[in-house]
């Protein structure tokens, strides 16, 4: 009965558990970095930053699914990488202030994507942690 209750009261984002949403988000970042790197013809490793940050999100969210007893630890690691994505996206504001926004369209597009999606992802992670804390008694 407790397993049934836990599944029904589990935090969801777009109908996905936060772990599955994190798998989706990590995959999205990886694919984004690869597409932007090839579309821009960039020879710089920095164009792969979204992919580099998406990889640990993908790995640790999959580990949280596979090792349920370590889910809390793995999802905290995922959230830290989500924070790094958001902070990396904040670099766009520097370009905006300096008046050089979108001089490099591909890089600034990636930064805006990281800023917005990272903020949303981090917000969902925090909401998930709050939800888990509030509903801790249901799982006991």
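The numbers here are math on the coordinates, done by the rules we state, and not lab data. If you're wondering where the values come from, they're calculated on a predicted model, not measured in any experiment. Quick reminder, even Gly has a Cβ in these numbers, built from the backbone with ideal geometry, and neighbours come from all protein chains shown.
The long axis of helix 71-89 is offset from the longest Cα principal axis of the chain by roughly 20 degrees. For the chain, taking Cα atoms only, Rg and Dmax work out to 17.0, 59 Å respectively. With R₀ fixed at 41 Å, the C-beta to C-beta distance from residue 131 to residue 46 puts the FRET efficiency at about 0.70. Compared with the direct C-alpha span, the chain from residue 34 to residue 109 gains 25.6 nm at full extension, assuming 0.36 nm per residue. The sum of -39500 (n - 2.57) across all DSSP H runs of n ≥ 4, divided by the residue count of the chain, sets its helix-only mean residue ellipticity at 222 nm to -25500 deg cm²/dmol. Highest average first, the peptides 16-24, 89-97 ordered by how many other beta carbon atoms sit within 10 Å of their residues are 16-24, 89-97. Using only Cα atoms, find the angle between the long axis of helix 49-66 and the longest principal axis of the chain, and express it within 0 to 90 degrees, rounded to the nearest 10. Its long axis makes an angle of about 10 degrees.
Taking the longest Cα principal axis of the chain as reference, the axis of helix 105-134 is set at about 10 degrees. In this simple spin-label approximation, residue 16 and residue 69 carry label points 7 Å from Cα along the Cα→Cβ vector, and these lie 2.8 nm apart.
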